[in-house]
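The values are calculated or read from the model by the stated rules, or taken from the named source; none is laboratory data. If you're wondering where the values come from, they're calculated on a predicted model, not measured in any experiment. Counting neighbours? That spans all protein chains shown, and the Cβs are built from the backbone with ideal geometry, glycine included. Note: areas computed on protein heavy atoms with side chains; ligands, DNA, RNA excluded. Shrake-Rupley method; radii C 1.70, N 1.55, O 1.52, S 1.80 Å.
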Amino acid sequence: MKLNESVMELKMFLLVLGLLVGTGSPDMGSSQGKCSESLVQGPQTQENRTHTTHSKKPFPVLSFGYDYVRLPFEISLWVLLASLMKLGFHLMPRLSSIVPESCLLIVVGLLVGGLIKLVGEAPPVLESNIFFLYLLPPIILDAGYFLPIRQFTENLGTILMFAVVGTLWNAFFVGGLLYGVCQLEGHRLVTVDLLSCLLFGSIISAVDPVAVLAVFEEIHINELLHILVFGESLLNDAVTVVLYHLFEEFSSVGTITVTDVLLGIVCFLVVSLGGIVVGAIYGILAAFTSRFTSHTRVIEPLFVFLYSYMAYLSAEVFHLSGIMALIACGAVMRPYVEANISHKSHTTIKYFLKMWSSVSDTLIFIFLGVSTVAGPHEWNWIFVVATLIFCLVARVLGVVGLTFVINKFRIVKLTSKDQFIIAYGGLRGAIAFSLVYLLNTDHFPKRNMFLTAIITVIFFTVFVQGMTIRPLVDLLAVKKKQETKRSINEEIHTQFLDHLLTGIEDICGHYGHHHWKDKLNRFNKKYVKKCLIAGERSKEPQLIAFYHKMEMKQAIELVESGGGSKLPSAMPSTVSMQNIQPKKPPQDRALPQLSKAREEEIRKILRTNLQRTRQRLRSYNRHTLIADPYEDGWNEILIKRKKMKELEKKISQMNNYLTVPAPPPDSPTIARARLASGEMLLIASSPTDPQAWGLKSATESIPSIKVDLASPQSPESVNIVDEIGMKGSQPKVSEEGGGLTMKVPSPTKPRKDQTTDEDNDKEPQQRLMRCLSDPGPAAEEEDEDEPFLH
Amino acid sequence: MGLEQNEVSLEQIAILHNRFKQLSQNEETLRRDDLKTIQDLESNPIRYQIIEAFFDRRNFQKDGVGSVEEIGFEEFLTVMSYFRAPAHHITEEQREEIRRAKLRFLFNMHDTDNDGTITLEEYRHVVEELLSRSGALGRETAKGIADAAMLEVASISVGPMAPDEFYEGITFEHFLKILKGIEIETRMHIRFLNMDTAVFCKQHSV
């Protein structure tokens, strides 16, 4: 059954893999100093190597020229291998639930490396500049662009403490103790001087973002711990860079003076702040550029990627912290860019980032495995074991000590369980490996030993800690990520609280961090947004943006989960607008009322065709792409709808009932909902009773649902009512309930089809909209590149 | 029960007393106009609600009703103590108490007519005030947002409702329920009041 299937799949997969490696391996072989993917030897192409022709050769019909494509071919082969690996793991669900992906990838790397070695070639090593220039940036950009800013800034103090002080402590503790051990050990190790040890300590003490992301992604712990460990892994880059350069510079000299130490501190500030400034500048440039891209939507994602990559490279030019530059760039540009770019661009950016970071991540771990097989090793039991022990001890002591101090300043204190997870989550990874690899053998004769030790530590942390952290999290009952439904009420009250606390701080006369946050927000709104966001979007307050997004999401979920053709039999009817509206006295009706029976029928139909959908969990997980309100097909339909002309919207008022508009007088009053070829679904109308909808309206002040029936153009379709008033009023949608809640984001800037909607202006009061079925291919294509967030 | 958890220390009291004196121009009591003179409050969209909260009897007297024209330092301090963070080692019940007290404060801010429920009109007013700085766009969407929010509360608290039923308004219990996700007891605090000192001064409980 399932087991057999997965075994079969596994066998086929291994077959494919074997073939790939088989074709790849004869081509591979490398010498140490070269680019890992450009391998030196290749089979000599005999056919093309013709000797001087004595006689006329027959025209070669089929020839073989491998050198020409070697480099891209091999790169593609490796990437393909990595991707197939990823595929493979997900075919084996049982295995992937026990062992984290990173471990499996390293094992695969070991196997591949072993295979290559068996064949007789030298396996490629993870070349440091490939790593730093090509493999690392996508991962960091992905992390930075999607960084949860709110949690990050709330815990910034703690994160900085761990990143800076914690890393320094680790570096000196490990380095110092190792030096002591080396001295004590005697013959083989006594040549290792203090500076080398300190350098080694500083390299190995940095928590690695790649490894942390890879492992923590799968265990879904609560956001606080996630952001603490992850934030620490990102911010400690500055410390690592400074310490690395400091010790490397002076290792040749041999001594460090106090001036050097002071310069080192200054350097640290320059490196970190400089990196952030560089990133912020590029971020603002990117945001500014995106303001003008309304006519060239296709290349919008390119700007995002290019500016970020340039930020990283520019920072690296000056030996500033490239990682911090990248994070700053992504975080700064995101709110503005997202307000400017189209839906498709947003999706593109998201998918590309996730894809690249996923591939990078896979490649890194595979290469770690291969490099382990390849790399020159020097195994020294004492050194390696000592390193391992000191690293673990240093981490634990550091975390405990720092938490003790930090808790004095935190409101939400860190419990010992939290501390354990933070300590346990301090994984080392490929960055450390690459940094050691960069060391010059002349200055550091013991580099190979360092390499071996680092690899051991990395393996230990990734395998042992990575594998056991999940059961430990369960065992200790650490709080997991909350599946919270982000509700409009919470959003309203979050905003309310922000203003309230700012107000109280002002009354107290205390300029606390709410005050400054508020000032920053106001500055942002007043000046920055105007510069960087195009058009009307710049004035949209956050609450409204949230509201629109939420409605879109609901509508999409409704579409996805409901099925037009299959009406669920028992539907929990939920609350609708009529339930909360204060009762109004019956008003005079100009037109004949619908009979009671009719009304009941309508209501029943409406109810039975709607389902309550739950908002999906929104979690910060870089590997899952949640159904996005802004996916392609959806938005196109909405836009088509909007363009639908006419629609007489008459709102009728029935005393507290949902109202339905009269159908346009010149179109057949057919009311149906249907699912149209996988596109939007909709609401129910009884196919048998078109007359039910024939109500004229009087204006009223209660919200009503408009069911827009067949448009003049496409008689068999039902369209979304598009509410674009003269003033650009936003259509309203209520929570779904007896009425369908859907809101079409209407652009606030004037659009070319607004002329059609002038008839809507008669209705200044709010309306609800109903989203009906797809009009079909008849509808025109429109410029669907709306700004992303309406 | 009291708000013993919301005690403030002597040092904080002294600082707040100074501020009180500054605001009230050295008089014994504080009036609304005194608070309105604070410059920084001008840009706050909900300043009137905040100021009202200080003069709302419900916030400093048990079973108090209505509002007063002027308050003394004791009342000022009582209102301020709502913004104290809970101590680290407290029991679950105490934490729940604090949550209720703080949410009650928020509830009172919304429930202006003191009928125990937040009606649709009152909620609309809240959202309108929040969006009052956003011009026309704010006004138009405010209603929609408030309606959506109200529907959500009704759906969560009451569940399915027949079309004839009418949801009067958000009661305090419903309010507690919908805001369960926000950790009020830790979010609603001012750091300034968070200094731990050994000496506490119990305040008049609400």
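Could you please report the charge total around B:Ser132, scoring K, R as +1 and D, E as -1 over all other residues with beta-carbon less than 11 angstrom from its beta-carbon? Display every interim value, and only then the final one.
Details: positive: B:Arg47, B:Arg133, B:Arg139; negative: B:Glu128, B:Glu129.
Overall, the nearby charge balance is +1.
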How far apart, in nm, are two points set 7 Å out from the Cα along the Cα-to-Cβ line at A:Gln542 and at A:Lys408?
3.2
Global form of the stretch A:91-220, assessed from the alpha-carbon gyration tensor, a/c cut-off 1.5
oblate
Can you tell me how the stretch B:40-189 classifies by the Cα gyration tensor, rounded, prolate or oblate, using a/c under 1.5 as the rounded cut?
oblate
Once the convex hull of the C-alpha atoms of the stretch A:401-494 is built, how many Å³ does it hold per residue, rounded to a whole number?
177
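If you take the accessible area of A alone, add that of B alone, and subtract the area of the pair, what total do you get in Å², probe 1.4 Å, to the nearest 100? Let's see the in-between values first.
Numbers: alone 36340 and 11960 Å², together 42220 Å².
Adding both sides of the contact gives about 6100 Å².
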Principal axis dimensions, largest first and in whole angstrom, of the stretch A:377-442 by Cα:
50, 23, 17
In nanometres, what is the gap between the two model label sites at B:Tyr48 and B:Glu11, each 7 Å from Cα along Cα-to-Cβ?
4.0
Averaged over peptide A:504-517, how many Cβ atoms belonging to another chain are found within 10 Å of each residue's Cβ?
6
Here the whole-number average of other chain Cβ atoms within 10 Å per Cβ of B:153-162 is 6
The correct pair for the stretch A:150-287, radius of gyration to one decimal and Dmax as a whole number, both in Å and from Cα atoms, is 17.5, 59
GNM result for chain B, Cα springs below 10 Å: residue of B:Ser81, B:Ser155, B:Ser43 fluctuating most strongly
B:Ser43
Report the full-extension gain for the segment A:Phe59 to A:Lys530: residue separation times 0.36 nm, less the Cα-Cα distance, to one decimal in nm.
162.7 nm
For each pair in A:Lys479/B:Lys177; A:Lys413/A:Lys519; A:Lys350/A:Lys480; A:Lys344/A:Lys519; A:Lys519/B:Lys36; A:Lys417/A:Lys481, compute the distance between the two Cα atoms and list the pairs where it is over 23 Å.
A:Lys413/A:Lys519; A:Lys350/A:Lys480; A:Lys344/A:Lys519
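Report, as a whole number in µm² per second, the diffusion coefficient that Stokes-Einstein gives for the stretch A:143-211 at 25 °C and 0.890 mPa s using the Kirkwood radius over alpha carbon pairs.
176
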Using the alpha-carbon atoms, what tilt in degrees (0 to 90, nearest 10) does helix B:120-130 show relative to the longest principal axis of chain B?
60
Projected area of the stretch A:87-138, taken from the Cα convex hull and averaged over every viewing direction, in nm²?
4.8
Put a dot 7 Å past each Cα toward the Cβ at A:His513 and A:Leu133; how far apart are the dots in nm?
4.0
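How many Å² of accessible area per residue for chain B, probe 1.4 Å? Show your work: numbers first, answer last.
Working: 8980 Å² over 206 residues.
That works out to 44 Å² for each residue.
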May I ask you to order B:145-151, A:80-86 by the average number of other C-beta atoms within 10 Å around their residues, highest value first?
B:145-151, A:80-86
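What average number of partner chain Cβ atoms lie no more than 10 Å from the Cβ of the residues making up B:39-46? Write out the running numbers ahead of the final one.
Numbers: counts 1, 10, 4, 1, 7, 6, 5, 7.
If you average over the peptide's residues, the count of other-chain Cβ atoms is 5.
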Anisotropy class of the stretch A:194-275 from Cα gyration tensor, a/c 1.5 cut:
prolate
Round to the nearest 0.05 the FRET efficiency obtained for A:Lys86 and A:Tyr351 when R0 = 25 Å and r is the Cβ-Cβ distance.
0.95
Round to a whole angstrom and tell me the spacing of the C-alpha centers of the stretch A:344-365 and the stretch A:212-279.
25
Which far-off residues, 5 or more places away or on another chain, put their amide H under 5 Å from the one on B:Ile170, with H placed in the peptide plane?
B:Ile118, B:Thr119
